[in-house]
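One structure is given here, and the rest of the page talks about it.
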Amino acid sequence: MILILILLFIGLMVKLFKTKKATSKAQTKLYIYFESASFVLKKHLLDLVYSSDYYKIEIQNRMIQFKHFGFIGYIQLNECIKIVNKLTKLNVFVLDTIYVFPFELKATSRMFANQFHPLVIIADRKGKHQDVFHLTNMLTGTEIQGGQLYSLAALAAINSSIP
């Protein structure tokens with residue numbers, strides 16, 4: 001009897017989650033990926049209400065820092081991402097601090113000590129990638145070789161081969 005109640009509860013939770021995801025108010029989602037040869041850190045930045053065409057996204061080349069104290073770690077973006085709504089000319093608040101889970105601290109500190117690629121991913125409501133921005137050399141996935149959108153690993157390989 002208890003097993004049946006647990007299964008019904010899990011089924012109800014899955015149904016509610018699918019309904020909430022289907023009625024999401026966000027048209028565009030921004031993610032930030034930090035990639036190295038041995039580790040990838042993926043974090044959700046923010047949800048935008050309208051399509052990405054309604055926003056102006058400015059990427060500024062600023063120093064990204066990783067800081068940790070004991071079991072608490074965070075990545076400081078130093079306001080390198082600025083988003084402005086084209087219609088209202090209002091700035092959209094972008095998190096400047098990204099917190100890292102304790103089990104990711106060691107790998108993240110190694111990644112920041114070596115060569116890594118910080119990428120901002122613009123995705124639609126279903127998670128399909130619309131564009132990729134490289135935060136250090138300002139390349140986008142649509143500006144590389146005829147507007148093709150490359151995978152993240154391929155974009156990192158292309159960026160490392162550019163003089």
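The values are calculated or read from the model by the stated rules, or taken from the named source; none is laboratory data. In this text, all values refer to a predicted model and were calculated from it rather than measured experimentally. FYI the Cβ positions are ideal-geometry reconstructions off the backbone, even for glycines, and counts take in every protein chain you see.
Count of region 110-119 residues, restricted to those that are surrounded by 15 or more Cβ atoms within 10 Å (Cβ to Cβ) and either among the β-branched types (V, I, T) or assigned to a helix (DSSP H, G or I) (or both), is 2. When the residues of region 79-97 are filtered to those that are over 15 Å from the mean Cα position of the chain (by Cα) and surrounded by 13 or more Cβ atoms within 10 Å (Cβ to Cβ), the one that is nearest to Q60 (Cα to Cα) is V84. The residues on offer are S52, S36, and the sole one that is more than 16 Å from D96 (Cβ to Cβ), in contact with a helix residue (DSSP H, G or I) (Cβ under 8 Å, 6 or more places away or on another chain) and either of a type outside the set (V, I, T) or modelled with pLDDT of 85 or more (or both) is S36.
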